[in-house]
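For reference, the structure discussed in these notes is given below.
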Amino acid sequence: MSTSVVPPNERVRSVYRQLSDLLAESDDAFIERGPEALRAATGDDAFFENVETERADGEYTRRLVYREPDGPVVRYMEWPPEYSLMPHEHHGRPCFELLVDGCLFLADMRAEQVDEGEYALETVGTNVCEPGDAGVVDPRTGTDIHAVYSPVRSRSLHVYPDDNHFGIGYVRTGDGDRYARSRFELD
């Protein structure tokens with residue numbers, strides 16, 4: 001019995017095979033060439049046949065587009081206006097997002113432990129994504145942490161090397177600019 005999710009259409013299946021091959025080659029190939037492969041695929045209107053996201057009201061939404069066992073996962077997300085997603089880690093693995101519409105501000109960060117269970121976060125880079133732009137989380141650069149801000153309603157496709165059902169976020173403590181790491185569940 002297969003545990004594969006039925007893909008919504010052939011265009012999604014085709015780019016998924018490309019992303020899987022890149023990931024099998026290396027994490028580097030996955031984030032260096034994956035965004036362009038996804039950008040090319042989404043340039044074809046057929047990609048979005050039966051690919052949907054849920055309306056984001058108050059919180060962002062994540063809807064599965066496609067995954068296979070032991071392969072990458074593609075999710076379609078919607079971000080409500082003026083939404084900030086806490087700084088969070090991506091399990092030491094690379095990932096990328098491609099903005100479909102709207103605008104996203106991404107901040108890459110590094111954490112430095114300053115006390116038992118407390119961290120200071122340093123912003124080491126920012127990126128403004130407009131439709132067609134890709135944001136990349138690249139652990140090779142020492143920036144496995146990022147935060148996301150959506151000034152307007154936005155939609156993006158996120159591609160992860162595996163399907164984690166939890167994240168590690170950084171929650172501000174009562175001590176000014178200090179943060180504690182906290183596990184949170186993902187849909």
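None of the figures in this text is laboratory data; all of them are computed from the coordinates on show. Keep in mind that this is a model prediction, so the values were computed, not measured. Here the Cβ is made from the backbone with ideal geometry for all residues, glycine too, and neighbour counts use every protein chain on show.
Order of 36-42, 109-115 by packing, highest average Cβ count within 10 Å first?
Values: 36-42: 17.4, 109-115: 14.1.
Sorting 36-42, 109-115 by mean packing, highest first, produces 36-42, 109-115.
Using every Cα-Cα pair within the range 77-187, state what percent have a distance larger than 22 Å.
Details: 1891 of 6105 pairs.
So the pairs more than 22 Å apart make up 31 percent of the total in the range 77-187.
Please compute the contact order of the chain in relative form: average sequence separation of alpha-carbon pairs under 8 Å and at least six residues apart, divided by the residue count, as a percent. Could the numbers behind the result be given before it?
Working: 425 pairs, mean separation 42.5, N = 187.
That works out to 23 percent.
Nearest 10 degrees, 0 to 90: what angle lies between the long axis of helix 27-42 and the longest principal axis of the chain (Cα atoms)?
The helix 27-42 is inclined about 50 degrees to the chain.
For the chain, what mean projected area does the convex hull of the alpha carbons give, in nm²? Write out the running numbers ahead of the final one.
Details: hull surface 44.3 nm².
With the hull built on Cα positions only, its mean projection is 11.1 nm².
If you keep only loop residues by DSSP, which GluC sites (Glu not before Pro) in the range 55-107 have at most 13 other Cβ atoms within 10 Å of their Cβ?
Numbers: sites: 59, 78, 82, 89, 97; in loops: 59, 82.
Of the GluC sites (Glu not before Pro), the ones in loops of the range 55-107 whose Cβ has at most 13 other Cβ atoms within 10 Å are 59, 82.
If you average the sequence gap of Cα pairs under 8 Å that are 6 or more apart and divide by the length of the range 6-67, what percent do you get for the contact order?
Numbers: 47 pairs, mean separation 25.4, N = 62.
Contact order relative to length: 41 percent.
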